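What follows is one structure encoded as structure tokens, with my remarks underneath.
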Amino acid sequence: MTRKPARMYRKVEGQVYTRREYMGGVPNCRVTQFDTGDLRASFPVALTLGTEEAAQVRDIALEAARISAVRVLEKNAPNQFHLKVRRYPHQILREHKMAMGAGADRISDGMRRAFGKPVGHAVRAQIGTELLTVYTTEEHVPDAKEALRKASHKLPVPTRVIVSRSAS
């Protein structure tokens, strides 16, 4: 079986396709936790990972970025952070699987009635969309920046880290 190109679903095009009640066989969202770390404490610094281009980010990429960031934060700043996934992947992705190999032309209908089957979820991110936010203390800001830098490598879109401090 051949692999699909990594940027197959990156472009934001077509209608929004989100109504699960009208379709069957939609796989579950792969993002397991949207809030991790110390959820009760309030932290003075918030670092946000924002997109620089409009793109679709698959739920698999979002989960990989979350795991990567949490791994760095738990090692360097245990119990001194709160990581929040800011977007839920509502967009349902479809794929029209083509039959390959000898004799496939007799089995396949080509592009006739090619609606596709649901294969996953994605976030439709515009320019400046906030995907992940890390709340932490002042001394762990470099660790949080490193965590978001490593998380950005898992995403299919260029990103930027935005630091904001509370006025207290």
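The values are calculated or read from the model by the stated rules, or taken from the named source; none is laboratory data. Being a predicted model, the structure only gives us computed values, none of them experimental. Using ideal geometry, Cβ is built from the backbone for each residue, glycine included, and neighbour counts are taken over all protein chains shown.
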Matching residues in the stretch 49-90 - criterion: being touching a Leu at 6+ places or on another chain (Cβ under 9 Å) and of a type in the set (S, T, N, Q)
Thr51, Gln56, Gln80
How many residues does the stretch 104-141 hold that are touching a residue at least 60 places away in the same chain (Cβ under 8 Å) and not in a strand (DSSP E or B)?
8
Could you check, for the stretch 142-160, whether at least one of its residues is touching a Phe, Trp or Tyr at 6+ places or on another chain (Cβ under 9 Å), at pLDDT 95 or above, assigned to a helix (DSSP H, G or I) and of a type in the set (Gly, Ala, Ser)?
yes
